[in-house]
Amino acid sequence: MAMRTFTAIVERCPETGWLVGYVPGFPGAHAQAETLEELRANLREVLAMLLEDGEPTLEAEFIGTQAVCV
């Protein structure tokens, strides 16, 4: 199987301080951890499990971020 690359969004939960990561548009592709290294490993594991079910039908495509001045 060829390697796949997905873009994950990473945020910090203000209540727990933990990092939360998710792949936009990929249902179920989310994880949490205390460090970026742990989060990357957890996301890799979740994505591998989800891909075992076949090619995902993405609900959206990540395009990028924009800075908006107000």
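Electrostatic bookkeeping for GLY28 treats Lys and Arg as +1 and Asp and Glu as -1; over the other residues with beta carbon under 15 Å from its beta carbon, the sum is -4. Computed from backbone phi, the HN-Hα couplings of region 8-16 come to 10, 8, 10, 10, 10, 6, x, 7, 9 Hz, rounded to whole numbers (Karplus: 6.51 cos²θ - 1.76 cosθ + 1.60, θ = phi - 60°; Gly and Pro given as x).
Each peptide among 39-50, 18-29, 54-65 gets the average number of other Cβ atoms lying within 10 Å of its residues, and from highest to lowest they stand as 18-29, 39-50, 54-65.
Considering only alpha-carbon pairs that sit under 8 angstrom and 6 or more positions apart, the relative contact order computed for the chain is 24 percent.
Eigen-decomposition of the gyration tensor built on the alpha-carbon atoms of the chain gives equivalent ellipsoid semi-axes of 22, 18, 10 angstrom, largest listed first.
Which whole-Hz ³J(HN,Hα) couplings does region 25-42 yield from phi under the Karplus relation 6.51 cos²θ - 1.76 cosθ + 1.60, θ = phi - 60°, glycine and proline marked x? So the Karplus estimates, Gly and Pro as x, are x, 10, x, x, 8, 8, 7, 9, 6, 7, 10, 5, 4, 5, 4, 4, 5, 5 Hz.
Computed from the coordinates by the stated procedures, all read-outs in this text should not be read as laboratory data. None of these values were measured; they are calculated from a predicted model. Here the Cβ is made from the backbone with ideal geometry for all residues, glycine too, and neighbour counts use every protein chain on show.
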